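First comes the structure, then the notes that go with it.
The values are calculated or read from the model by the stated rules, or taken from the named source; none is laboratory data. Keep in mind that what you see is a predicted model, and the values were worked out from it rather than measured. Heads up, the Cβs are rebuilt from the backbone with ideal geometry, glycines too, and the neighbour counts pull from every protein chain shown.
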Amino acid sequence: MPSGAYGSSNAVSATPAAVFRPNVWSNEVLMFVKKNLVLVPLVRHYDAEVSSYGQTVEIPNVSTIGAALKVANTGVTINYNTETKTTITLNQHYESSFLLEDFVKIQSKYDLRSAYTMAAAYAIAEKIDGFIATNMSTSFTSYGAFGTVIADSLILIANRYLDDAKAPQTDRSLVVTPQGKQEMLNIDKYIRYDAIGIGGDRNSILTGQIGEIYGVKVFMSQNLVQLATTTPQNNHLFFHKDAFAVAIQQQSRTQTQYKQEYLAWLVTVDMLWGGTVLRPAFGFNLKS
């Protein structure tokens, strides 16, 4: 030990005793930040039809027919329509993969394979949620204006237009951005309506639902189309379940393979789906 005059500079302090001061690592890892994924269960699904084979889903459309007054001694009026179809093309195949070497697996105190598999699965789920959000925003008729808040009148108009389109009263949803959530909380009717407890139970919180107004469930998602420009551009979605349809042919699948040439495990998560607007009149893009 170096000798010297008595004083603070000769104390057994942080630097000379650094080897005795370990860096303690947490027993848990800090997982990646997740977005709310809420759109997938809110739209119409045709998964079963393509679970075994097929490259498209063809959905026949039955149009409205009329009713005629029956006139005595005359034949009935025959209805006939040339029907159309809606096609869902299964062309969205996404994967998320990583290679975990044995060296790291052996020496790490963490279950990295499990942690990264969860991260890969979430990356795939985020892709399909974003796919639905983007296609809805660009396909639906828009109301409102960027730079203005969501007003009660805008919600009433959208709800009325769904009534005009004869959309069922059930399965209506309003999905808003984080800014949209803030704006919703400034609507007095929303606060009072939600205060009575509708949609405010624990299960609603777990699924991303933040309330209900006029019989419409309200959700918040960071996956909606939003631009942080000088005037923020937020695209919120007001729709009935039949406004948009998806067909998931390959559900989220995890596959592993040991790669001896790398002395590592290759882990891949993938998913195959397609989607399209099903009833355009059943959905609206609300701007704020």
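I'm checking my understanding of the structure. Among residues of the stretch 166-186 that are touching a strand residue (DSSP E or B) at 6+ places or on another chain (Cβ under 8 Å) and surrounded by fewer than 21 Cβ atoms within 10 Å (Cβ to Cβ), which one is farthest from Asn223 (Cα to Cα)? If we take residues in the stretch 166-186 being touching a strand residue (DSSP E or B) at 6+ places or on another chain (Cβ under 8 Å) and surrounded by fewer than 21 Cβ atoms within 10 Å (Cβ to Cβ), then Pro168 is farthest from Asn223 (Cα to Cα).
Applying the set (1) assigned to a strand (DSSP E or B); (2) over 18 Å from the mean Cα position of the chain (by Cα); (3) closer than 19 Å to Asp163 by Cβ to Ala281 leaves exactly one unmet item: (1).
Go through (1) part of a loop (DSSP other than H, G, I, E, B); (2) of a type in the set (Asp, Glu); (3) at pLDDT 60 or above one by one and return the number of the condition Glu58 breaks. Of the numbered conditions (1) part of a loop (DSSP other than H, G, I, E, B); (2) of a type in the set (Asp, Glu); (3) at pLDDT 60 or above, the odd one out for Glu58 is (1).
In the set Asn135, Asn79, only one residue is out of contact with any Cys (no Cβ under 6 Å at 6 or more places or on another chain) and without any contact (Cβ under 8 Å) to a residue 40 or more places away in the chain; that residue is Asn79. Among the residues of the stretch 176-187, is there at least one that is part of a strand (DSSP E or B) and β-branched (Val, Ile, Thr)? Within the stretch 176-187, one or more residues are part of a strand (DSSP E or B) and β-branched (Val, Ile, Thr). Residue pairs whose Cβ atoms lie under 8 Å apart, separated by 6 or more positions or on different chains, with the first residue in the stretch 138-165 and farther than 17 Å from Met184 by Cβ and touching a residue at least 40 places away in the same chain (Cβ under 8 Å) and the second part of a helix (DSSP H, G or I) and not aliphatic (A, V, I, L, M), are Ser139/Pro280; Phe140/Pro280; Thr141/Pro280; Leu162/Phe282; Ala165/Phe282.
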